[in-house]
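Here's the structure, in structure tokens; my notes come after.
The values are calculated or read from the model by the stated rules, or taken from the named source; none is laboratory data. Note that this is a predicted model, so its numbers are computed, not measured. Ideal geometry is used to build each Cβ from the backbone, glycine not excepted, and the neighbour counts take in all protein chains shown.
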Amino acid sequence: MTFRFLAIAEIELDQAIHWYEAQAPGLGNAFLIEVLSATDRIARFPKAWHLLDEGVRRCRLSRFPYGLIDTIDDSDILVLAVAHLHRRPDYWRDRLKR
């Protein structure tokens with residue numbers, strides 16, 4: 001399986017990296033490493049994560065209050081959102097139609 005991020009999810013990832021990097025040098029890189037670790041876990045066990053909706057799952061990051069919201073699209077894993085878990089919990093739902 002290959003990984004793809006929606007363009008808006010890539011923007012969310014970039015914004016979170018920049019925000020954490022502004023808080024402390026190296027923290028943005030630590031956030032990115034956590035995201036990459038989560039993508040590896042999802043690729044190895046795509047159906048192991050918390051089910052949010054039919055075919056939509058969330059894999060939480062270990063160190064940061066974020067989760068990757070994903071779905072399986074053909075043979076790809078499509079990340080719909082890099083979602084902060086304490087803000088607007090269902091804002092990404094309209095992305096399912098893309």
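Scanning segment 35-74 for residues being in a helix (DSSP H, G or I) and of a type in the set (D, E) gives a total of 1.
Which of the residues that make up segment 75-98 are farther than 19 Å from Q15 by Cβ, touching a residue at least 24 places away in the same chain (Cβ under 8 Å) and part of a helix (DSSP H, G or I)? R93, L96, listed by residue number.
Residue-level check: of (1) assigned to a helix (DSSP H, G or I); (2) touching a residue at least 60 places away in the same chain (Cβ under 8 Å), R4 misses just (1).
Scanning segment 20-48 for residues that are modelled with pLDDT under 95, hydrophobic (A, V, I, L, M, F, W, C) and either in contact with a Leu (Cβ under 9 Å, 6 or more places away or on another chain) or surrounded by 12 or more Cβ atoms within 10 Å (Cβ to Cβ) (or both) yields a single hit, A43.
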